[in-house]
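Below: the structure, in structure tokens.
The values are calculated or read from the model by the stated rules, or taken from the named source; none is laboratory data. Just so you know, these numbers come straight off a predicted model, no measurement behind them. So basically every Cβ, Gly included, is an ideal-geometry build from the backbone, and we count neighbours across all protein chains shown.
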Amino acid sequence: MQRPLKLLILGLVIVAGVVAWILFRSTDEQLVMDLVAELPAAKARQPAPEVFSVVTATLADETREAIHVAQPSRLIWEITVPDNAWLAFSIGLQPEAWTVPGDGVLFLVGVSDMGPDGYEEVFSSTVNPSANPGDRRWHHLSVDLSPYAGKRVELILNTRASPPAPPGAPQPNDQAGDLALWGVPRVIVR
């Protein structure tokens with residue numbers, strides 16, 4: 001056999017091996033709780049349950065199932081946190097909001113151990129696609145929940161109408177274009 005043909009065959013075997021590995025490898029994460037599916041079972045849906053809806057949203061050509069809310073909100077689920085747990089989620093704003101002048105939406109994740117230690121904010125980020133075209137997409141994120149392993153906690157997802165005000169300034173409440181999305185929020189084990 002000629003050398004170029006041997007190299008071509010070797011290359012094809014390597015590519016086939018890589019493709020097989022990608023397709024058949026075991027996933028590195030295990031789903032514990034799908035918060036979209038568990039939306040009706042949330043302990044609290046504030047300001048009211050009808051404010052929340054499950055939608056299929058496409059941001060920058062990427063489609064995800066999401067919890068949609070068009071005003072400041074709070075969702076709470078009670079969970080017992082397994083070992084090596086993470087909260088995996090995406091955040092973004094509906095495309096209709098991208099050109100509406102405003103100051104964006106503040107997304108917050110907190111954990112409350114329902115005991116003397118109370119509430120701890122574990123994630124905070126503002127998404128403002130009107131002012132920042134780089135925010136016209138899903139932001140894929142995860143939060144390590146392992147410090148709460150074995151504990152019964154409240155997992156809390158909040159949205160606020162505006163980013164935090166500077167010290168001493170009044171808190172703005174600009175709800176223009178606030179079409180927040182929590183994309184496929186889920187508790188996983190890695």
Residue check, Thr99 assigned to a loop (DSSP other than H, G, I, E, B) and hydroxyl-bearing (Ser, Thr, Tyr): yes
Odd one out for Val100, checked against (1) in contact (Cβ under 8 Å) with a residue 40 or more places away in the chain; (2) closer than 24 Å to Ala37 by Cα: (2)
Count of region 147-172 residues which are loosely packed, with under 15 Cβ neighbours inside 10 Å and in contact (Cβ under 8 Å) with a residue 60 or more places away in the chain: 4
Of all residues making up region 109-142, the number that are surrounded by 16 or more Cβ atoms within 10 Å (Cβ to Cβ), closer than 21 Å to Ala44 by Cβ and either touching a His at 6+ places or on another chain (Cβ under 7 Å) or of a type in the set (A, V, I, L, M) (or both): 3
Single unsatisfied condition, Arg136 versus (1) within 25 Å of Ala37 (Cβ to Cβ); (2) touching a residue at least 60 places away in the same chain (Cβ under 8 Å): (1)
Restricting region 27-40 to residues that are free of Cβ contacts under 8 Å to residues at least 12 places away in the same chain and part of a loop (DSSP other than H, G, I, E, B), the residue that is farthest from Arg190 (Cα to Cα): Ala37
Candidate set: region 33-75, residues that are over 16 Å from the mean Cα position of the chain (by Cα) and of a type in the set (Lys, Arg); chosen: the one nearest to Leu179 (Cα to Cα): Arg45
Every pair of residues 6+ apart whose Cβ atoms lie under 7 Å, when the first sits in region 76-91 and is closer than 16 Å to Glu121 by Cα and of a type in the set (Gly, Ala, Ser) while the second is modelled with pLDDT of 95 or more and assigned to a strand (DSSP E or B): Ala88/Ser142; Ala88/Arg186; Ala88/Ile188
Tally, over region 52-66, of residues that are within 22 Å of Asp103 (Cβ to Cβ) and surrounded by 15 or more Cβ atoms within 10 Å (Cβ to Cβ): 3
Filtered residue count, region 58-96, keeping only those that are in a strand (DSSP E or B) and either of a type in the set (Ser, Thr, Tyr) or within 21 Å of Val187 (Cβ to Cβ) (or both): 24
Residue in region 105-123 that is in a strand (DSSP E or B), among the small types (Gly, Ala, Ser) and touching a residue at least 60 places away in the same chain (Cβ under 8 Å) present: no
Yes/no for Thr99 being closer than 22 Å to Thr58 by Cβ, among the β-branched types (Val, Ile, Thr) and surrounded by 20 or more Cβ atoms within 10 Å (Cβ to Cβ): no
Within region 131-190, strands (runs of 3 or more DSSP E) holding 1 or more residues that are over 27 Å from Thr63 (Cα atoms) and modelled with pLDDT of 95 or more: 152-160
Odd one out for Lys43 among (1) surrounded by 18 or more Cβ atoms within 10 Å (Cβ to Cβ); (2) of a type in the set (Lys, Arg); (3) touching a residue at least 60 places away in the same chain (Cβ under 8 Å): (1)
Lone qualifier among Arg45, Arg25, Arg64 - being over 17 Å from Phe89 (Cα atoms), basic (Lys, Arg) and at pLDDT 95 or above: Arg45
